[in-house]
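Just passing along the structure, written as structure tokens.
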Amino acid sequence: MDGVDVAGRVDGRTARAERTRAAIVEAHLALISEGDLRPTGERIAERAGISLRTLWTNFKDMETLFEASGAEVLRQQDAAYRPISTGLPLTKRVDAYCRQRARLLQLIAPSARAAQMREPVSEQLHRNKLKHIERVRDEIEELFAVELAEAGPGREQLLNALVAASTWQAWSMLRYGLDLGVDQARAVMSRTVGALLAEVAPD
């Protein structure tokens, strides 16, 4: 019986710790989404309703918090992602792909903008970005496998061009550099992706 009590206490502590960590991550992302792109530990702790000491007990530094918050952003993207049929005609695949990319990029926009500010001095934020790029690359390779195969020796260059046109850096340029609305930015992305693939589309 004592063993059961100990196990219960341990499970309870673990559950509380997980809830606390989740609350910290939620507070971090909430502050960012509200425009506080560089929230301090003090502001995050206050938003999460915990002490600063508790914050740094759960996360040893900002890098570990960036890792957890990055994982949560990826989870949110996964939840919002909808598979696109590879059997659709190319024009319909391009349209569906770019509509989904625009939606997902808008979803991560606050955290991506915040990460952009700190990435030059954060190895973890750089790793987080590479995970997003890898996912885009994998999706393109699956969805446009036929067209990429048609590219022959130029496959890797075409793949890199498609990835570059589909990631946050390009979207940020369209939205905040050129000051385009979401629909306008999506149309530019669709035109770019469509033109790249049309060059190698089988007759």
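The values are calculated or read from the model by the stated rules, or taken from the named source; none is laboratory data. Predicted, not measured: the structure shown is a model, and the values here were computed from it. Methodologically, a virtual Cβ is constructed for each residue, glycine included, from the backbone with ideal geometry; neighbour enumeration extends over all protein chains shown. Only protein heavy atoms, including side chains, enter the accessible area calculation; ligands, DNA and RNA are left aside. Shrake-Rupley method; radii C 1.70, N 1.55, O 1.52, S 1.80 Å.
What is the calculated FRET efficiency for R43 to E141, with r their C-beta to C-beta distance and R₀ = 35 Å, to the nearest 0.05?
Using R0 = 35 Å, I get an efficiency of 0.30.
Quote to one decimal, in nm, the extra length available between L107 and E199 on full extension: 0.36 nm per residue of separation minus the C-alpha distance between them.
30.0 nm
Per DSSP H run of at least 4 residues, take -39500 (n - 2.57); add these up for the chain, divide by its residues and hand me the 222 nm value, nearest 500 deg cm²/dmol.
Counting only the DSSP helices, I get -25500 deg cm²/dmol.
Between E156 and L180, 0.36 nm times their residue separation minus their Cα-Cα distance comes to what?
The E156-L180 span can extend by a further 5.7 nm.
Please work out the FRET efficiency for the pair Y81 and R13, using the Cβ-Cβ distance as r and a Förster radius of 41 Å; give the result to the nearest 0.05.
0.75
Rg/Rh for segment 1-122 to two decimals, with Rh computed the Kirkwood way over all alpha-carbon pairs.
That ratio equals 1.14.
Using Cα-Cα distances under 8 Å and only pairs 6 or more residues apart, what relative contact order does the chain have, in percent?
With pairs under 8 Å counted, the relative contact order is 20 percent.
Sticking with this structure for a sec: Quick one: ranking H126, H132 by accessible area, 1.4 Å probe, largest first, what do you get?
Per-residue accessible area, sorted high to low, gives H126, H132.
Which distance in Å, rounded to a whole number, links the C-alpha centroids of segment 91-114 and segment 17-72?
26
How large is the accessible surface per residue of segment 1-109, computed with a 1.4 Å probe and reported in Å² as a whole number?
58
Let me ask something additional. Which of the DSSP-defined H helices in the chain satisfy a minimum axial length of 18 Å, computed from C-alpha atoms, and a minimum mean Kyte-Doolittle hydropathy of -1.0?
Membrane-span-like by this rule: 2-33, 62-80, 90-118, 182-198.
Right, next: Taking a label point 7 Å from the Cα of K131 along the Cα→Cβ vector, which residues of segment 22-65 have an amide N closer than 17 Å to it?
Answer for segment 22-65: 22-30, 59-65.
Let me ask another. Using a 1.4 angstrom probe on the protein heavy atoms only, could you order M117, M62, M189 from most to least accessible area?
Listed by decreasing accessible area, they come as M117, M62, M189.
Shifting gears a bit: Under the definition of Cα pairs under 8 Å and six or more residues apart, what whole-number percent is the relative contact order of segment 39-135?
The value is 30 percent.
Enumerate the lysines that K60 could reach by cross-link, defined here as Cα to Cα under 27 Å, with residues fewer than 8 away along the same chain left out.
K129, K131
Would you work out what percent of the accessible area of the chain, with all protein chains in place, is carbon or sulfur (probe 1.4 Å)?
It is 53 percent, rounded to a whole number.
Follow-up. Note down the net charge around E199, summing +1 for each Lys or Arg and -1 for each Asp or Glu among other residues with Cβ under 11 Å from its Cβ.
With Lys, Arg at +1 and Asp, Glu at -1, the net is -2.
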